[in-house]
Amino acid sequence: MVEPSLSQFAMTHPYAALTPDTLLDAVESTGLHADGRMLALNSYENRVYQVWLDEAPPVVAKFYRPERWSDAAILEEHAYTADLAAREIPVVPPLIVNGQTLFEHAGFRFAVYPRQGGRVPELSDPETLEWLGRFIGRIHAVGALKPFQDRPALNIESFGVEPRAYLLEHDWLPPELKSVWEGVSAQALDGVRYAFERAGDFAAIRLHGDCHMGNVLWTDDGPHFVDFDDSRMGPAVQDLWMLLSGDRASQIRQLADVLAGYEDFMDFDPRQLHLIEALRTLRLIHYSAWIARRWDDPAFPAAFPWFDSPRYWEERILELREQIALMDEEPLWPS
């Protein structure tokens, strides 16, 4: 099969129609007055731009990837962040313009946000971790009040089984590594299932869903949380484990600091600690499939040129083997 070139991708992908003029016209269609300046921000799943306005602070315009979410799912995310902000939880909901948060222009759905700057939190500081834990606990206390109706859940099928099948069925693996990855990923998913069994029947709540440090910005006033685009139902620990790094002893200390703040506002079910490495494993599989599904977007081959190389898949095989071993260990129990 002849692979399409990047130039062909650029011509045919829906985002090819999101020209600077289209972008500025979209912002203007909401009644805001752009002064012509814009800056592309770091985002692959959607297209996000800082846009300067006449006689007003800049805003951030987020153009949703076509066909990814329904309008109802997007509006459910907007309502969740608005509810959090109304309770003085530091999140960044979209602006309401003429009673709306979701707009459409030239076939693109988009939202406009106030610009909120900040820096990456210092996760080596116990006070910072406790502070983050407190706010995540507050987010979850609201998230537990009612379920999402139109957004999906984080589970083994959607984050592990289906992405694995996609990669295998669409021949993304180098032939010499396919059977090895197929076997290792199957073994890894067996470990994930066993971890979920040990965790038992945990409560699924509304989550941020992608609470890594790129989505937490720090100022002198503390943290604020951005980009709830991956918000979904799932276990509370999904929003906590990405704050942990380093060796096992370091992660135990960090987890203790996070939970010290978290449990000021939300009870934590310790059985969910069985899920930390399982969720990390699911994220690894899902991430590879995410890149593969987006390969027709010219931003992806440019950003991940190593994706279809044997070395990439050799490293993923090694990662999954490490995860299999970690899932066999006792969970992280904060002392």
(message) Quick test of your reading of the structure: I96 fulfils all but one of (1) surrounded by fewer than 19 Cβ atoms within 10 Å (Cβ to Cβ); (2) under 20 Å from R293 (Cβ atoms); (3) modelled with pLDDT of 95 or more. Name the failing condition by number.
(response) (2)
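Given the options W313, W333, W306, W295, name the one that is hydrophobic (A, V, I, L, M, F, W, C) and not assigned by TED's automatic domain parsing to the domain that holds Y194. Quick ask: steps written out before the conclusion?
Numbers: W313 fails: not assigned by TED's automatic domain parsing to the domain that holds Y194; W306 fails: not assigned by TED's automatic domain parsing to the domain that holds Y194; W295 fails: not assigned by TED's automatic domain parsing to the domain that holds Y194.
When all the criteria are applied, what remains is W333.
Taking the stated definitions as given, is P147 part of a loop (DSSP other than H, G, I, E, B), closer than 21 Å to R232 by Cα and not charged (D, E, K, R)? Talk me through it step by step, then tell me what you get.
On the way: part of a loop (DSSP other than H, G, I, E, B): yes; closer than 21 Å to R232 by Cα: yes; not charged (D, E, K, R): yes.
Answer is yes for this residue.
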(message) Looking at the structure I just gave you, is A299 modelled with pLDDT of 95 or more and surrounded by fewer than 19 Cβ atoms within 10 Å (Cβ to Cβ)?
(response) no
(request) Could you give me the residue pairs with C-beta distances under 6 Å whose first residue belongs to the range 219-235 and is in the same structural domain as G200 (by TED's automatic domain parsing), whose second residue is at pLDDT below 90 and of a type in the set (G, A, S) wherever it lies, and which are 6+ apart or on separate chains? (result) T219/G118
(message) Which condition from (1) surrounded by 15 or more Cβ atoms within 10 Å (Cβ to Cβ); (2) of a type in the set (A, V, I, L, M, F, W, C); (3) closer than 18 Å to I139 by Cβ is the one that A85 breaks?
(response) (1)
(message) Can you pull out every residue in the range 194-215 that is of a type outside the set (A, V, I, L, M) and over 22 Å from the mean Cα position of the chain (by Cα)?
(response) Y194, E197, R198, G200, D201
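Just one of A278, A256 is closer than 30 Å to L177 by Cα and either over 23 Å from the mean Cα position of the chain (by Cα) or of a type outside the set (S, T, Y) (or both); which is it? Let's see the steps before the verdict.
Values: A256 fails: closer than 30 Å to L177 by Cα.
One residue alone meets the criteria, A278.
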(request) Would you be able to say whether some residue in the range 154-161 is of a type outside the set (S, T, N, Q), within 30 Å of S29 (Cα to Cα) and touching a strand residue (DSSP E or B) at 6+ places or on another chain (Cβ under 6 Å)? (result) no
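Look through the range 214-235, keep the residues that are charged (D, E, K, R) and at pLDDT 95 or above, and return whichever of them is surrounded by the fewest Cβ atoms within 10 Å (Cβ to Cβ).
In the first step, residues of the range 214-235 are kept if they are charged (D, E, K, R); the result is 220-221, 227, 229-230, 232.
Okay, now just the ones that are also at pLDDT 95 or above, so 229-230, 232.
On the way: D229: 20, D230: 17, R232: 22.
Per the criteria, the residue is D230.
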(message) Suppose we keep only residues that are in contact (Cβ under 8 Å) with a residue 24 or more places away in the chain and in a loop (DSSP other than H, G, I, E, B) within the range 117-144. Which one would you say is farthest from I252 (Cα to Cα)?
(response) G117
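Considering the range 107-131 alone, what residues qualify as being more than 22 Å from the chain's Cα centre (by Cα) and either hydroxyl-bearing (S, T, Y) or surrounded by 14 or more Cβ atoms within 10 Å (Cβ to Cβ) (or both)?
Correct list: S124, P126.
The values are calculated or read from the model by the stated rules, or taken from the named source; none is laboratory data. Worth saying up front: this structure is predicted, and the values here are computed from it rather than measured. We place every Cβ from the backbone using ideal geometry, glycine too, and count neighbours over all the protein chains shown.
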